[in-house]
Amino acid sequence: MAQLSLVALRDFAIIRAMPLRCVSYVSLSFLAFQAALCHPLDPLTRGEITAAVRLLRTTHPLQPDTSFPSITLKEAPKEDVLAGRKTPRLALVIVYERPTHQTFEAVVDLTAGQVASWKEIPDVQPPIMPEDFAICQRIVRSDAQWLAAIHKRGITDLSRVQIDVWGNGYHGEAADGPHRVVRAVSYYRGAKESAYFHPVDGLVAQVDLTAGEVIHLLDTGVLPLAKAPVLAGSETAALHPLETVQSRGASFVRTGNEIAWDHWRFRFAVHPREGLVLYTVGYLDHGSLRSVLYKASLSDMVVPYGDPGPAWYFRNSFDFSEYSFVGKSIAPLVAGRDVPENASFVDADFSNEAGIAYQLPHAVAIYERDGGILWRYSDLTNGKVISRRARELVVATVISAPPYEYGFNWVFHQDGRIGMELLLTGIMATKSASPAEHETHAHLVAPDVDAVHHQHFFNFRLDMDVDGTSNSVAEMNTQGGGGKSIVTVDTDLLQEQQAKRELNPLANRVWKVTNPGHKNALGEPVGYLLVPGENTPSYAAPDSWIRKRAPFLDAQFWATPYDASQQYAGGSYVNQTRGDAGIEEWIKADRSIDQQDVVLWYTLGITHIPRPEEWPVMPAHHASFELVPSGFFQSNPAISEEDIQ
């Protein structure tokens, strides 16, 4: 302390006087203090982001217009976190030098104030950034052929034309080499309504951002713009207010990014690529904190559209990995609209592609809600009825991926369950209706509007720690045993290739993670089930490029041994990839998952066949899965002795 400057001492005193949380500041002289105050899994603050960029610019000859597609926390080693050891604060920075087409990964040691590593990642394209949108739009708007095609459609006010950028992907064509290539589709913004109500159909520009030119313009002919939506319903009924009142305040306690509620203890973060993340989830059971999960996050997602036509075949949007602005697309949540009035909000720190840090307000909402009947029983002898109302804790965020909106809710239940609730809403991707023939790849949702059939796939990475890190995996199938009998068949999944499994609702198929070294009161290994909710397989052909680029579509369930480098089922770099990375490559090693630190990968699929009732804006569609205790507790954890006396 004696060697610190007076400025550092002053700032340290200010920091210590603040609430126990990661505070944001810029000076490198006291980053070590920030590391001491932060939990190893707390996300980077604005100060740390700024410091990381400053250190890189000081030590490496970066160009003034160098891009930073991603600046995130490099997580401390899991074994160190679990052991409570002090670890340095590290930032993982992706650096893109556009003039030389080079991508680098840097690890910045914020505690030591130095760049720990710097390496080039060859033959990859970093995710699409907002600046790529701006470059693409400038190129398209100055292209003579595109301008002629727009004018041919009777559009003269170019300010009303909205240009959206789609990933080019890879579809077996000639290699793009080091060039960044995207596709541009156009919409016409009306006087008031959303531009997504009026697609400029059949017009797609393939744009080489590196060369600065449109390399191919698809124009399948002039089709009329869809008319403004006409709402068939009457005015919304004036319902009386529905309020959740907690006169004594919320029952959860938040300390920085740590939550304590009922018996649950966990940490959370918002990651620029993974969205809402849970860490170190445990349950306080008779005074002992028992681990369930180390980390739960969205590994990847993709939305393949089912129209093979020239204007649609490439539309396979990897919303979380092909683009760099998941964090930037989190919409500030509004009480009474996005979440209930009793919600508490947490801000999040992010960075833009220039490396400038900023804060997004109300990025996460945390609230309690009514959960219906928790349990109930009746004693008919004395007419006694005993029941208890359920309470649920929700940690929520919403990602805008126009025209869609995605809500992600992690839900904690009093009976030991953890649920993931997905909400899908927004505006469907549409095209002009074809009056001459029935459209087989779309459904009519308005007199002149077809909404294209598509699927949404979400792959979740679930790093299970059921009472510790030595876990095993089994599959449970139910079948008839003759007559009226019902039997279950449990199959141990010992190797990772064996653990590549598909849904089977006819067998009530679920998967169980156990800890063979920890037995319950019945002498059986403690465990948790992964129980599917709505799900669907991919309808794309097994040899299609979308199946190659999104290998997690090949099965709904996977299990691998923990590997810190394996975070994303579709690979670390998805933009323009050919599908040579990800979970299919990992499991070729066929590693053991028996009594190992096990990671589950669950692919949740939703098939969307559009309906008129989903136009012009979709009602929120809900899908989910749950982690359910199975022999983890001695009995129902939501019942106390007082409840049954």
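Expressed in whole Å with the largest first, what are the equivalent ellipsoid semi-axes of segment 269-317 derived from the C-alpha gyration tensor as the square root of 5 times each eigenvalue? Don't skip to the end; give the middle numbers.
Numbers: eigenvalues 336, 23, 5 Å².
Rounded to whole Å, the semi-axes are 41, 11, 5.
Within the chain, the proportion of Cα pairs with more than 31 Å between them is 57 percent.
What's the long-distance tail for segment 459-604, i.e. % of Cα pairs beyond 27 Å? Write down the numbers at each step before the final one.
Working: 2706 of 10585 pairs.
When every Cα pair of segment 459-604 is considered, 26 percent fall beyond 27 Å.
State, as an integer percentage, the relative contact order of segment 62-187 based on alpha-carbon contacts under 8 Å between residues 6 or more apart. Intermediate values should be presented prior to the final figure.
Values: 165 pairs, mean separation 21.6, N = 126.
Relative contact order, segment 62-187: 17 percent.
When peptides 66-75, 127-136 are sorted by average Cβ neighbour count within 10 Å, with the highest value leading, the order is 66-75, 127-136. Among the GluC sites (Glu not before Pro) in segment 266-365, those placed in a DSSP loop whose Cβ has at most 14 other Cβ atoms within 10 Å are Glu341. Around the amide H of Val339, modelled in the peptide plane, lie the amide H atoms of Val334, all under 5 Å away and 5 or more residues distant in sequence or on another chain.
Placing pseudo-labels 7 Å out from each Cα toward the beta carbon at Ala237 and Leu506 gives an inter-label distance of 4.2 nm.
Binning all Cα-Cα separations of segment 304-372 at 10 Å, short to long from zero, yields these whole-percent fractions: 17, 29, 26, 22, 6. Extents of segment 590-645, taken as max minus min of Cα coordinates on every principal axis and listed largest first, are 51, 49, 12 Å. Computed packing ranks the peptides 630-642, 462-474, 204-216 as 462-474, 204-216, 630-642, most packed first, by mean other Cβ atoms within 10 Å. Couplings 3J(HN,Hα) of segment 77-89, computed from phi: x, 4, 5, 6, 5, 5, 7, x, 7, 6, 9, x, 7 Hz, in residue order, whole Hz [Karplus 6.51 cos²θ - 1.76 cosθ + 1.60, θ = phi - 60°; x for Gly and Pro]. Calculated on the alpha-carbon coordinates, the convex hull of segment 58-134 measures out at 110 cubic angstrom per residue.
Put simply, the amide H of Lys295, placed in the peptide plane, has neighbours under 5 Å in Thr280, Asp463, leaving out anything fewer than 5 places away on its chain.
Here, segment 351-429 has an Rg and a Dmax of 19.9, 73 Å when only alpha carbons are counted.
Extent along the principal axes, Cα only, for segment 121-205: 46, 24, 21 Å, with the longest axis given first.
Using only alpha-carbon positions in segment 170-217, the gyration tensor eigenvalues give semi-axes of 28, 11, 8 Å once each is multiplied by 5 and square-rooted (largest first). For segment 311-332 and segment 188-253, what is the separation of their Cα centres, given in Å? A separation of 15 Å, based on Cα centres. From most to least packed by mean Cβ count within 10 Å, the peptides 42-53, 539-550, 497-508, 389-400 give 42-53, 389-400, 539-550, 497-508. In terms of the Cα gyration tensor, with a ≥ b ≥ c the square roots of its eigenvalues, is segment 528-645 rounded because a/c is under 1.5, prolate because a/b exceeds b/c, or oblate? Verdict is oblate for segment 528-645.
Which of the chymotrypsin sites (Phe, Trp or Tyr not before Pro) found in segment 405-500 are loop residues per DSSP with 10 or fewer other Cβ atoms within 10 Å of their Cβ? Provide the component values of the computation, followed by the final result.
Numbers: sites: Tyr406, Phe408, Trp410, Phe412, Phe457, Phe458, Phe460; in loops: none.
Passing sites in segment 405-500 do not exist.
For segment 59-187, the ratio of Cα radius of gyration to the globular rule of thumb 2.2 N^0.38 Å stands at 1.47.
Pairs of Cα atoms under 8 Å, at least six residues apart: use those to get the relative contact order of the chain, whole percent. List each step's numbers first, then the result.
Values: 1451 pairs, mean separation 78.2, N = 645.
That works out to 12 percent.
Each residue of segment 270-285 is assigned a 3J(HN,Hα), and the resulting list reads 10, 9, x, 10, 8, x, 6, 10, 9, 10, 6, 7, x, 10, 7, 10 Hz, derived from the Karplus form 6.51 cos²θ - 1.76 cosθ + 1.60 (θ = phi - 60°), x at Gly and Pro.
Taking the Cα centre as origin and putting +1 on Lys and Arg beta-carbons and -1 on Asp and Glu beta-carbons, what dipole magnitude results for segment 391-542, to the nearest 20 debye? Walk me through the numbers before you get to the answer.
Details: 10 positive and 18 negative charges, 73 e Å.
Computed charge dipole of segment 391-542: roughly 340 debye.
When the pairs Lys74/Lys328; Lys295/Lys500; Lys86/Lys500; Lys86/Lys519 are compared against a 30 Å limit on Cα-Cα distance, Lys86/Lys500; Lys86/Lys519 fall above it. Using only the alpha-carbon atoms of segment 521-596 as identical scatterers, what base-10 log of I(q)/I(0) does the Debye formula give at q = 0.17, 0.18, 0.25, 0.28 Å⁻¹? Log10 of I(q)/I(0), two decimals: -0.80, -0.87, -1.26, -1.35.
Here segment 239-321 is treated as a sphere whose radius is the Kirkwood value from Cα pairs; by Stokes-Einstein at 10 °C and 1.306 mPa s it diffuses with a coefficient of 96 µm²/s. The slack between Thr244 and Val489, meaning 0.36 nm per residue of separation minus the straight C-alpha distance, is 83.7 nm.
Determine the per residue accessible area of the chain with all protein chains present and a 1.4 angstrom probe, expressed in square angstrom.
45 Å²
Mean projection of the Cα convex hull over all viewing directions, computed for segment 182-288: 15.4 nm².
For His263, no residue 5 or more places off, or on another chain, has a built amide H under 5 Å of its own.
Distance from the Cα centroid of segment 44-113 to that of segment 490-554 is 35 Å (rounded to whole angstrom).
The values are calculated or read from the model by the stated rules, or taken from the named source; none is laboratory data. Since this is a predicted model, take the numbers as computed values, not measurements. Positions of Cβ are backbone-derived with ideal geometry, glycine not excepted, and every protein chain shown enters the neighbour counts. Accessible surface is based on the protein model in full, side chains and every heavy atom, while ligands, DNA and RNA are left aside. Shrake-Rupley method; radii C 1.70, N 1.55, O 1.52, S 1.80 Å.
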